[in-house]
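Quick notes on the structure that follows.
The values are calculated or read from the model by the stated rules, or taken from the named source; none is laboratory data. Values in this document were obtained by computation on a predicted structure and should not be read as measured data. As a convention, Cβ positions derive from the backbone with ideal geometry for all residues, glycine included, and neighbour counts pool all protein chains shown. The accessibility values were calculated without ligands, DNA or RNA, using every heavy atom of the protein model including side chains. Shrake-Rupley method; radii C 1.70, N 1.55, O 1.52, S 1.80 Å.
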Amino acid sequence: RTGIVRIPVVVHVVWNTAAQNVSDAQIQSQIDVLNADFRRTNADAASVPAHFAGVAADARIEFALAVRDPNCGATTGITRTNTATTGFTRATRNNVKSAATGGADPWPSDRYLNMWVANFTDDLLGFATFPGGPAALDGFVVDTQAFGTMGTAAAPFNLGRTATHEIGHWLNLIHIWGDDTAQPDQCSGTDMCADTPNQADETYGNPAGIRISCGNGPNGDMYMNYMDYTDDVGMFMFSQDQVTRMNATLMVARTGILA
Ligand code: ARG
Ligand code: ZN
Ligand code: CA
């Protein structure tokens, strides 16, 4: 495929205090970030260092709020649910995905990308499901403070990159360091992408310069990749092999979403 695909999105706002009932404008700010990051039109695309610029890639995926609900009626692509739950946590994180547990039910996951926004009281910024899991849980969740670029979004996670990262997982991308931090050999894990250097651990904050691990010199870790853990300002690229992997997922495991 060389063309562009557009994924219909439904945003479920699950709010307790009025401030958590994020505005339509804040939701649109998140959609705008996704359309920039997945088309490599993000304003910071030129910050990719020269030694990685050759593999930085346009994913050719766009996102739009759904215009039809599951019954084919007109919709804004936004649902709003007033919950009695004052705060969700890691331990109770899937509660946000069901009306029966203080959240909002998903729309059919073979036809929509379900995105939930809710108040998490621990440090969880977001989480996603990989392809192949139960339909009732499919999609991803973002904390109110890490959603979009305005309103409740708070530094250093106020550039909308949590959703970019989570959609990477939803399209089958693995963390760039290979998720082997807890293993004795932190260089044995892999993200299954040949053009991202083998990397020992996740990267936090807003690093600069060459960081070598796992013998990956001279260029070092690709810590500016969306699938690392830096602050929002520090991540601004997908690689070519990540793009191939995401698009393969769309063609095989998530074909319904393109219909
Ligand atoms: N911890 C989350 C995850 O592993 C999200 C991290 C997002 N990082 C960011 N800078 N927004 O899925
Ligand atoms: Zn992640
Ligand atoms: Ca590793």
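Only one of the listed residues (PRO207, PRO197, PRO184) is modelled with pLDDT under 95, farther than 23 Å from ALA128 by Cα and either open to solvent by less than 40 Å² (accessible area, probe 1.4 Å) or out of contact with any Asp or Glu (no Cβ under 6 Å at 6 or more places or on another chain) (or both). That residue is PRO184. When PRO131 is tested against the conditions (1) surrounded by fewer than 21 Cβ atoms within 10 Å (Cβ to Cβ); (2) within 11 Å of ligand 1 (Cβ to nearest atom), the lone failure is (2).
Could you tell me whether the stretch 41-48 includes any residue that is at pLDDT 95 or above and buried (at least 21 other Cβ atoms within 10 Å of the Cβ)? Yes, there is a match, as at least one residue in the stretch 41-48 is at pLDDT 95 or above and buried (at least 21 other Cβ atoms within 10 Å of the Cβ).
Residue-by-condition table, conditions (1) in contact with a helix residue (DSSP H, G or I) (Cβ under 9 Å, 6 or more places away or on another chain); (2) assigned to a loop (DSSP other than H, G, I, E, B); (3) away from ligand 1 (no atom under 16 Å from the Cβ):
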residue	(1), (2), (3)
THR164	yes, no, no
HIS175	yes, yes, no
ALA194	yes, yes, yes
GLN199	no, yes, no
ASN206	yes, yes, no
GLY209	no, yes, yes
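GLY103 meets the conditions (1) away from ligand 1 (no atom under 16 Å from the Cβ); (2) buried (at least 24 other Cβ atoms within 10 Å of the Cβ) in every case but one. The failed one is (2). Regarding the stretch 229-241, can at least one residue be identified that is away from ligand 2 (no atom under 13 Å from the Cβ), more than 28 Å from ILE257 (Cα to Cα) and assigned to a loop (DSSP other than H, G, I, E, B)? There is at least one residue in the stretch 229-241 that is away from ligand 2 (no atom under 13 Å from the Cβ), more than 28 Å from ILE257 (Cα to Cα) and assigned to a loop (DSSP other than H, G, I, E, B). Every test in (1) within 16 Å of ligand 2 (Cβ to nearest atom); (2) of a type outside the set (Gly, Ala, Ser); (3) open to solvent by less than 40 Å² (accessible area, probe 1.4 Å) is passed by ASP122 save one, and that test is (3).
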